[in-house]
Amino acid sequence: MKKLLCAALAATTLAACSSGPSTDDVKAAVRKQMAAIAGSQGADMFRTEIDAIKVLDCKAVDKAYECEVQGVGGVQRQRFVKTDDGWMLAQ
């Protein structure tokens, strides 16, 4: 029984590591990017637009994830990388 539980936990952990960013991860990455460009007040100005973001699909590509992201302006394809500080938009 313990072996089965350990195997299930290991499989779950590996699956979690291989998944792309969630909608909340993408929103946080966009907020960080906006704050880096325009400061925290600039990021706050776009709160409504950031809150409207929804991840439609993500695929692993070259140590990153390419995601289709829907926002108020329509659907865009964005690339995200996982760092020690969380997900970031890739250039």
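State which residue is surrounded by the fewest Cβ atoms within 10 Å (Cβ to Cβ) when the search covers only the range 27-44 and only residues that are among the charged types (D, E, K, R) and closer than 17 Å to Val69 by Cβ.
Among those residues, the one meeting the criterion is Lys32.
Quick one: would you say Val69 is modelled with pLDDT of 90 or more, of a type in the set (Val, Ile, Thr), surrounded by 10 or more Cβ atoms within 10 Å (Cβ to Cβ) and touching a helix residue (DSSP H, G or I) at 6+ places or on another chain (Cβ under 9 Å)?
Yes.
Enumerate the strands (runs of 3 or more DSSP E) found wholly within the range 31-91, keeping only those where 2 or more residues are out of contact with any strand residue (DSSP E or B) (no Cβ under 8 Å at 6 or more places or on another chain).
Output list reads 74-83.
How many of the residues in the range 46-66 are modelled with pLDDT under 95, hydroxyl-bearing (Ser, Thr, Tyr) and within 16 Å of Met88 (Cα to Cα)?
Going through the range 46-66 one residue at a time, the tally reaches 0.
Out of all the residues in the range 70-77, is one or more of a type in the set (A, V, I, L, M, F, W, C) and touching a Lys or Arg at 6+ places or on another chain (Cβ under 8 Å)?
no
Write out, first by first residue and then by second, each pair whose Cβ atoms fall under 7 Å of each other, whose residues are 6+ apart or on separate chains, and whose first residue, in the range 17-45, is at pLDDT 90 or above while the second is β-branched (Val, Ile, Thr) and assigned to a loop (DSSP other than H, G, I, E, B).
What qualifies is Thr23/Ile53; Val26/Ile53; Lys27/Ile53; Val30/Ile53.
Which of the residues spanning the range 47-91 are farther than 16 Å from Met34 by Cβ and among the small types (Gly, Ala, Ser)?
Ala60, Ala64, Gly74
The values are calculated or read from the model by the stated rules, or taken from the named source; none is laboratory data. Note that the structure is predicted; figures quoted are calculated from it, not measured. A quick note on method: Cβ atoms are made from the backbone with ideal geometry, for glycine too, and the neighbour counts reach across all protein chains shown.
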